[in-house]
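Data first, discussion second: the structure below is written as structure tokens.
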Amino acid sequence: MSARERIVCADIDELGRKAADEWVRAAGAAIAGSGRFAAALSGGNTPRALYAVLAAVPFRERIAWDRVHLFWGDERAVPADHPDSNYRLAYETLLSKVPIPEKNIHRIKTELGPEKAAAAYEDSLRTFFALTGGAWPRFDLILLGVGEDGHTASLFPGSGAIHEEKRLAVATYVEKLKSHRITLTLPVLNHAANVFFLVSGESKAKVVKEILASPTKLPAAQVEPADGRLLWLLDAPAASLH
Ligand code: 6PG
């Protein structure tokens, strides 16, 4: 079970720079080891701070983008060009600004509809990671955020998706948002070599305290890689109660 490492940054900009440093470190180690870096991007807004730093000099030049393969931790069941799309957010802030080969971008194909998109995404994971039998993919890095309700990726409190123990990715209906999502499952998150939570803002202080300071069954608290680094990158407002 991994300990929850914490780094508290002064503000969102410093969080972005620190996360970029850690990204470069993880990418360098993975590429030196296996020749590639397989990372799952998070949705939401906080990762914008990281994506902006990675897309700009000097970090842009510090990464061997042709060795980087990008996936998503979750996706909203909307078209890739929809304002709510996690792919569109990453495309606009990062993918369109770095020399990553198109074939290295493993988008969740939401145009198939939620269930078929989840199944197709599982197939792409099995192919990329050359999985056989019941093996789990081991991402070099999975970026995650946390909602005020303790959700992470699209694993929301009370959702059946949290208890999924066989599938790599599932479609899930989020009642409170009245929307369908596709999400990696907890076993995949917990098989990663590195999991970075990026958390910013006063509104997250209560849930950060609950997760970092007490035993809780909130979905984000159940992310504890069995054999990996678990790093919570917080800005001061998000860490203010902890
Ligand atoms: C999503 C994310 C979600 C996000 C949290 C935090 O698709 O929205 O996967 O889990 O990480 O809601 O979002 P913020 O970073 O924008 O607060």
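With a 10 Å Cβ neighbour count serving as the proxy for reagent exposure, in which order, fewest first, do S34, S154, S42 appear? Working shown, then result.
Working: S34 11, S154 29, S42 25.
So the residues, fewest neighbours to most, are S34, S42, S154.
Taking the chain as a Gaussian network, where each spring joins two C-alpha atoms under 10 Å apart, which residue of L212, L155, L143 fluctuates the most?
Residue with maximal mean-square fluctuation among L212, L155, L143: L212.
Can you check what the net charge comes to around C9, using other residues whose Cβ is under 10 Å from the Cβ of C9 (Lys, Arg +1; Asp, Glu -1)?
On the way: positive: R17, K18; negative: D11, D13, E14, D235.
Residues close to C9 contribute a combined charge of -2.
Could you work out the relative contact order of the chain, using alpha carbon pairs under 8 angstrom and six or more residues apart, expressed as a whole percent?
Once divided by the residue count of the chain, the mean separation gives 25 percent.
Where in the chain lies the longest segment free of trypsin sites (Lys or Arg not before Pro) that are both loop residues by DSSP (not H, G, I, E, B) and have at most 13 other Cβ atoms within 10 Å?
1-165
What percent antiparallel are the DSSP beta bridges of the chain, to the nearest 5?
Numbers: 10 of 33 bridges.
Looking only at bridges with both residues in the chain, the antiparallel portion is about 30 percent.
Counting each pair of different Cα atoms once, what's the Kirkwood radius of the chain in Å, rounded to one decimal?
17.8 Å
Tell me, what is the percent relative contact order of the range 189-239, built from C-alpha pairs under 8 Å that lie six or more residues apart? All intermediate terms of the calculation are to be shown ahead of the outcome.
Numbers: 71 pairs, mean separation 32.0, N = 51.
The value is 63 percent.
In deg cm²/dmol, rounded to 500, what helix-only [θ] at 222 nm does the chain give when every DSSP H run of at least 4 residues adds -39500 (n - 2.57) and the total is split over its residues?
Numbers: 7 runs with 70 residues, N = 242.
After summing the helix terms and dividing by residue count, I get -8500 deg cm²/dmol.
Considering the options Y87, A64, I108, tell which one lies farthest towards the positive end of the dipole of the range 58-116, charges being +1 on Lys and Arg and -1 on Asp and Glu at the Cβ, about the Cα centre.
A64
Which of S124, S203 comes first, and how do the rest follow, when ranked by fewest Cβ neighbours within 10 Å?
The fewest-first ordering by Cβ neighbours comes to S203, S124.
Considering lysine pairs in the chain that are 8 or more places apart or on different chains, how many have Cα atoms under 27 Å apart?
Going through the chain pair by pair, I get 25.
Taken together, the values in this text are just the output of simple stated rules run on the coordinates, not laboratory data. All of these numbers come straight from a predicted model, not from anything done at the bench. No Cβ is skipped: glycine too gets one built from the backbone with ideal geometry, and neighbour counts run over all protein chains shown.
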